[in-house]
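Participant: Before I ask anything, here is the structure I am working with.
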Amino acid sequence: MLRSDNQYRPAEQETIILPDTLVRSATNFRAYLKRYKLSSLDVSLVARVRYLTIWNIENGHPIGALQAQQVHAGLQRLTGIPYLASIATHTQDVSRRSR
């Protein structure tokens, strides 16, 4: 039995618009990695967090506060220079939504 073309079309997806704070967090993080020529894998290994945690930061998804502290410490270990920009955490995201 032949199927109609409609069955092979992917479902439409909504575009998720990230708040400016999440976009800024991701942009600053990617710029820091680029400036110091760091790979996401190296950061995850030194910070002792999952690679997905670094991917989430790079893509504007909030992470846990403990993981954010570990990433800050790992970046300083790798470069000798503290990462001063904020990393979006779940608690920050929740508090902004409740306003």
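The values are calculated or read from the model by the stated rules, or taken from the named source; none is laboratory data. Note that the coordinates shown come from a computational prediction; the quantities given were computed from them, not determined experimentally. All Cβ positions, glycine included, derive from the backbone under ideal geometry; neighbour counts span all protein chains shown.
Participant: Looking only at residues that are of a type outside the set (A, V, I, L, M) and outside any loop (DSSP other than H, G, I, E, B) in the stretch 60-74, which one is nearest to the chain's Cα centre (by Cα)?
Facilitator: This residue is GLN67.
Participant: Is it the case, given these coordinates, that TYR36 is within 26 Å of VAL71 (Cα to Cα), touching a Leu at 6+ places or on another chain (Cβ under 8 Å), at pLDDT 95 or above and surrounded by fewer than 14 Cβ atoms within 10 Å (Cβ to Cβ)? Please lay out each step first, then the result.
Facilitator: Working: within 26 Å of VAL71 (Cα to Cα): yes; touching a Leu at 6+ places or on another chain (Cβ under 8 Å): yes; at pLDDT 95 or above: yes; surrounded by fewer than 14 Cβ atoms within 10 Å (Cβ to Cβ): no.
No, not satisfied.
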